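Asker: My questions all concern the structure below.
The values are calculated or read from the model by the stated rules, or taken from the named source; none is laboratory data. All values derive from a computational prediction rather than experimental measurement. Here the Cβ positions follow ideal geometry from the backbone for every residue, glycine too, while neighbour counts run over all protein chains shown. Remember, those area values only see protein heavy atoms, side chains included, never the ligands or the DNA or RNA. Shrake-Rupley method; radii C 1.70, N 1.55, O 1.52, S 1.80 Å.
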Amino acid sequence: MRTVVPRDGRRRILLSTVSSDSHTWNLVFLQLLLEEMGNEVVNLGPCVPDQLLIDSVRRIRPDAVVISTVNGHGRLDGARMIRALRADAVAGDTPVIIGGKLGITGGTGDNAAQELVEAGFDAVFTDSADPSLVSRLLGSLPGGTPQPALSLQAERSAEARPEPHRATEGRSL
């Protein structure tokens, strides 16, 4: 069991995929992006079973969980995972974000995103969302004070891309 060292003022992010997603390149990219934003990242790797994710949230106590999905099973696996996490007395209040390819058929992004918000995610990024928007969302969380890694060019391109779907009731981000 890994012992998590005390924080040094940075926000702690737990990073994972849904249980059926074996892709790792997305996790490497997201870890580097989140670290560049000034966050401490604990990367659980691919194919993480729901219970292992919940146990890790209980043990690590992250400021937020970021779930990446590339295989298109985010809609199903993500909904099951978030319901289990929200039912946990200790881990259930942790802010959780999911993003990537949510379904295996075209045109399911907005519907799938709304379903995932309703299932309990605090924010859902479809595969067309700008990853730099993650910085803004994480900046609204309590915890450490990461430095934004956005350039003027990233700010301009973010304006043209859709905002993530966000939960409007219940937990506040």
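Asker: Report yes if Val57 is touching a Ser or Thr at 6+ places or on another chain (Cβ under 6 Å), outside any loop (DSSP other than H, G, I, E, B) and of a type outside the set (S, T, N, Q), otherwise no.
Answerer: Taking the combined requirement at face value, the residue satisfies it.
Asker: Evaluate the following for Leu44: is it out of contact with any helix residue (DSSP H, G or I) (no Cβ under 9 Å at 6 or more places or on another chain), modelled with pLDDT of 95 or more and not small (Gly, Ala, Ser)?
Answerer: The answer is no for Leu44.
Asker: Which of the following residues is at pLDDT 80 or above, open to solvent by 10 Å² or more (accessible area, probe 1.4 Å) and over 20 Å from Met37 (Cα atoms): Ala113, Ala119?
Answerer: When all the criteria are applied, what remains is Ala119.
Asker: Looking at this structure, is Leu52 in contact with a Phe, Trp or Tyr (Cβ under 9 Å, 6 or more places away or on another chain) and surrounded by fewer than 20 Cβ atoms within 10 Å (Cβ to Cβ)?
Answerer: So Leu52 fails the test.
Asker: Sticking with this one: Can you spot a residue in region 65-72 that is in a helix (DSSP H, G or I) and touching a Ser or Thr at 6+ places or on another chain (Cβ under 9 Å)?
Answerer: No, because not a single residue in region 65-72 is in a helix (DSSP H, G or I) and touching a Ser or Thr at 6+ places or on another chain (Cβ under 9 Å).
Asker: If I filter region 75-98 for residues that are in contact with a strand residue (DSSP E or B) (Cβ under 9 Å, 6 or more places away or on another chain), modelled with pLDDT under 95, surrounded by fewer than 21 Cβ atoms within 10 Å (Cβ to Cβ) and β-branched (Val, Ile, Thr), do I get at least one hit?
Answerer: Scanning region 75-98 turns up no residue that is in contact with a strand residue (DSSP E or B) (Cβ under 9 Å, 6 or more places away or on another chain), modelled with pLDDT under 95, surrounded by fewer than 21 Cβ atoms within 10 Å (Cβ to Cβ) and β-branched (Val, Ile, Thr).
Asker: Within region 24-33, how many residues are crowded, with 17+ Cβ neighbours inside 10 Å and either farther than 19 Å from Leu85 by Cβ or modelled with pLDDT of 95 or more (or both)?
Answerer: 3
Asker: Please go through region 84-131 and pick out each residue that is in a helix (DSSP H, G or I) and either within 20 Å of Arg11 (Cβ to Cβ) or over 15 Å from the mean Cα position of the chain (by Cα) (or both).
Answerer: Those that are in a helix (DSSP H, G or I) and either within 20 Å of Arg11 (Cβ to Cβ) or over 15 Å from the mean Cα position of the chain (by Cα) (or both): Ala84, Leu85, Gly109, Asp110, Asn111, Ala112, Gln114, Glu115, Glu118.
Asker: Answer yes or no: is there a residue in region 5-13 that is surrounded by fewer than 22 Cβ atoms within 10 Å (Cβ to Cβ) and within 23 Å of Gln114 (Cβ to Cβ).
Answerer: The answer is no, given that none of the residues of region 5-13 is surrounded by fewer than 22 Cβ atoms within 10 Å (Cβ to Cβ) and within 23 Å of Gln114 (Cβ to Cβ).
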